[in-house]
Amino acid sequence: MQLTHLKNPIVAHRGAWLEFDLPENSVASLKKAIEIGVGATEFDVHMTLDDVLVVHHDSDYFGLPIEKTLYTDLQKHVLPNNETLPTVAQFLEIGLKQKQTKLVFEIKSSVLSDARTLQIVDKVVTLVKSNAYSDRLEFIMFSWEGAQYLKKQLPAYKVSYLNGDKTPDQIVQANLDGIDYHITTFKKFPNYISECKARNLLLNSWTVNYPEDIIFLLDEKFDMITTNKPLEFLKLYLDRK
């Protein structure tokens with residue numbers, strides 16, 4: 001279950017944007033993350049009123065609520081680098097053409113209802129379909145119900161839980177693959193690290209932006225470390241090898 005094929009544990013949070021003055025979750029930030037050679041790059045997904053899966057972190061885009069707005073209306077607003085709001089289809093087309101950098105696909109919980117969160121999962125499942133990319137694509141979710149629902153439909157894909165309120169034993173019982181908790185959770189519950197290793201669960205942490213924290217997680221052999229400073233910490237990782 002461990003990500004032995006991951007060439008390094010550094011995950012670009014919303015792409016490599018901060019260090020290169022790019023919009024987060026943009027196609028450009030995705031391409032830059034791949035270019036600099038991080039082990040993985042993460043992106044956030046919402047669904048529009050007309051059921052288009054789009055890549056964006058917040059639930060609104062230029063003040064427009066994504067879930068209540070048609071994609072064509074969202075497209076009228078451009079990012080600072082003149083990109084339009086990217087779709088998941090665009091991200092997958094680019095990201096799955098290469099095999100060096102893994103894609104970490106976060107399905108955001110619906111702000112409208114839990115039922116719609118599951119509808120978003122259904123749409124993602126329809127888009128992914130094949131198991132062919134299970135070594136290059138994995139999923140993370142804050143929704144406990146949604147993560148379990150996704151895992152049942154895509155059992156070949158790894159699904160980790162984000163919210164920080166479940167123990168490693170609960171993760172195992174839910175048939176999920178790992179935990180992806182904020183660094184503060186691991187500081188509060190350091191026993192989770194050894195418990196995950198004992199249960200062969202994936203270990204990821206977000207969002208890690210201080211050198212002392214990343215050194216701690218590297219020493220603890222985390223599978224993935226998600227950061228807004230992927231280039232800086234990739235260099236730190238390589239210097240420590």
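Below, the figures for the structure above:
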read-out: Surface accessible to a 1.4 Å probe, per residue, for the residues of the chain, Å²; value: 44 Å²
read-out: Cβ-placed point charges (K, R +1; D, E -1), dipole of the chain about Cα centre in debye, nearest 20; value: 680 debye
read-out: Per-residue SASA entry for Arg199, accessible area with 1.4 Å probe, Å² rounded to 10; value: 90 Å²
read-out: Spin-label model distance (nm) - Gln148 vs Asn82, 7 Å beyond Cα toward Cβ; value: 4.9 nm
read-out: Estimated distance in nm for a label pair at Ser130 and Val111, the labels positioned 7 Å out from Cα along Cα-to-Cβ; value: 3.6 nm
read-out: Peptide ranges 143-156, 89-102 listed from the most packed, as the mean C-beta count within 10 angstrom indicates; value: 143-156, 89-102
read-out: Helix-only [θ]222 nm of the chain, DSSP H runs n ≥ 4, -39500 (n - 2.57) each, per residue, nearest 500; value: -10000 deg cm²/dmol
read-out: Antiparallel %, DSSP beta bridges [both residues in the chain], to 5; value: 20 percent
read-out: Label selected from (i) 17.0, 50; (ii) 17.6, 58; (iii) 19.4, 60, the criterion being Rg and Dmax of the Cα atoms in Å as computed here; value: (i)
read-out: Sparse-neighbour loop sites [GluC sites (Glu not before Pro); the range 3-41; at most 10 other C-beta within 10 Å; DSSP]; value: none
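The values are calculated or read from the model by the stated rules, or taken from the named source; none is laboratory data. All figures in this text were calculated on a predicted structure; none of them were measured in a lab. As a convention, Cβ positions derive from the backbone with ideal geometry for all residues, glycine included, and neighbour counts pool all protein chains shown. Quick note on the areas: whole protein, heavy atoms, side chains included, nothing else; ligands and nucleic acids left out. Shrake-Rupley method; radii C 1.70, N 1.55, O 1.52, S 1.80 Å.
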